[in-house]
């Protein structure tokens, strides 16, 4: 039986931050167990930008954020085992895992659970109708399009206007699909205002708040959905519906903390959210077992997940050494605005301040803490620019996640996408930050992940 000071279950951003923090706090042997083939968690398929503004003081694509987190953990001396599934854990912190090299039982001085969350499915929201092919959760669509190069359909309806639903509306549009509607049960969207603007309004995608998908139509394949208004109890109003012909329905209807490993160890879970119940030090009901990130409670920003992971990792190391623990306090000073954008206001996205900018009647800009805010607000009114994030195909069929270094005019995004889709890269290794295209309408295009070549 191998012994470690701290074992982290889950190699996403929270787990990697916890492992790195545990090492810095004095834990000698720290192991991360990740079931996927590579660490980084869900960020590997989140190729859009908008990550890291608080933690790294710059906006990064998801794979870029993951690459940094992985390198930081490795630089700290953390051992990472990928392709390794934790199948059991005891209250005495014995962890059983299965990986490429067989079954292992580890003994840990402390354990950090960073197992993330999973999506709610059609069954969880009880949509009436038949059961045809063509109904997907947003995360599955993201994996299909961004990792596997599989398009789900040509005419798409999205249920749910959380950030992943909004982002997939844009992503599918850039790949040539027609997103017919984004439907939101609540009277306001739960997504970030910048995502509503950049993912829906930029592409004239309609958003129906106070509506839901009330019926699914199709035999073998999806052929249509019915969209209805809802009443004050969020129930469809009879007679208010209309039919939309489509071949794909994407469900973005919430996330649930994933805590099967926690259950096995007897960790107390919140019956409402399925998240772990912890004290102020991120320690669960089982002594020496800590929890962080989306397995504890679903968070809006990955920066917060990493920050909470750091506290859990520090405290796991402190538990091993008998040291003093640190309380978790979430600062929301930099949290971006949510909901429908206001006509004469916007949030600056250039720095962690997230200034609330307003267009005054006299033409001036208020609310900014620096000159960059004024420049950003004026740019958004006259000629808005966007960072383009998408994938570039190699000759052997791999997808290299990429983004433009310099922003491109929003009016020319589809033209830029078409130009980039005509490019096929040679078969070789690609490194995060490597320039893939020197000039795409005046912008460089760089890889946002380390993608090794496929070897026979």
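Taking only the alpha carbons of the stretch 107-153, we obtain Rg and Dmax values of 16.4, 51 Å in that order.
When DSSP beta bridges are restricted to pairs lying wholly in the stretch 121-251, around 40% turn out antiparallel.
Dividing the alpha-carbon radius of gyration of the chain by the rule-of-thumb value 2.2 N^0.38 Å gives 1.01. Estimated at 0.36 nm per residue, the fully extended path between residue 406 and residue 280 surpasses their Cα-Cα distance by 41.2 nm.
Straightening the chain between residue 324 and residue 232 buys 28.2 nm, computed as 0.36 nm per residue apart minus the Cα-Cα spacing. Evaluate E = 1/(1 + (r/R0)^6) for residue 186 and residue 393, where r is the Cβ-Cβ distance and R0 equals 35 Å; express this FRET efficiency to the nearest 0.05. Efficiency, rounded to the nearest 0.05: 0.40. Sorted ascending by nearby beta carbons within 10 Å, beginning with the fewest, 380, 107 become 107, 380. Between residue 268 and residue 369, the modelled labels are 3.8 nm apart [label points 7 Å from Cα along Cα→Cβ]. With the simple spin-label model, which puts each label point 7 Å out from Cα in the Cβ direction, the residue 120 to residue 150 separation comes to 2.5 nm. In the chain, the calculated helix contribution to ellipticity at 222 nm averages -6500 deg cm²/dmol per residue, counting -39,500 (n - 2.57) for every DSSP H run with n ≥ 4. The fraction of Cα-Cα pairs per 5 angstrom bin, counted from 0 for the stretch 280-432, comes to 2, 7, 12, 11, 11, 11, 12, 12, 10, 7, 4, 1, 0 percent, rounded to whole percents. Placing a label point 7 Å from the Cα of residue 260 along the Cα-to-Cβ line, the residues of the stretch 91-133 whose backbone N sits under 16 Å from it are 96-99, 114-121. Most simply put, the stretch 1-95 has about 20% antiparallel DSSP beta bridges, counting only bridges with both residues inside it. The separation of the stretch 221-266 from the stretch 111-129, counted between C-alpha centres, amounts to 12 Å. For an R0 of 60 angstrom, estimate the FRET efficiency from the Cβ-Cβ distance between residue 379 and residue 2 and round to the nearest 0.05. With a Förster radius of 60 Å, E is 0.60. The angle between the Cα long axis of helix 163-174 and the main principal axis of the chain comes to about 50°, on a 0 to 90 degree scale. Remark: 65, 359 ranked as 359, 65, counting other beta-carbon atoms within 10 Å and listing the fewest first. Would you mind classifying the stretch 121-251 by shape? Square roots of the alpha carbon gyration tensor eigenvalues, ordered a ≥ b ≥ c; an a/c under 1.5 is rounded, otherwise it is prolate if a/b is larger than b/c and oblate if not. Oblate, because a/c is 1.5 or more while a/b does not exceed b/c. Relative to the longest principal axis of the Cα atoms of the chain, the long axis of helix 13-24 lies at roughly 40 degrees. Can you compute the FRET efficiency between residue 57 and residue 220 using 1/(1 + (r/R0)^6), with r the Cβ-Cβ distance and R0 = 56 Å? Round to the nearest 0.05. Computed FRET efficiency for residue 57 and residue 220 comes out at 0.65. Roughly speaking, what is the centre-to-centre gap between the stretch 1-75 and the stretch 141-168 when only Cα atoms are used, to the nearest Å? Cα centroid of the stretch 1-75 versus Cα centroid of the stretch 141-168: 25 Å apart. Between 0 and 90 degrees, the angle of helix 371-382 with respect to the longest Cα principal axis of the chain falls at about 40 degrees. How much of the DSSP bridge set in the chain is antiparallel, in percent, rounded to the nearest 5? Restricted to the chain, the bridges split so that about 60 percent are antiparallel.
Values quoted throughout were computed directly from the atomic coordinates according to the rules given, and no laboratory measurement underlies them. Remember, predicted model here, so these are calculated numbers, not experimental data. Quick reminder, even Gly has a Cβ in these numbers, built from the backbone with ideal geometry, and neighbours come from all protein chains shown.
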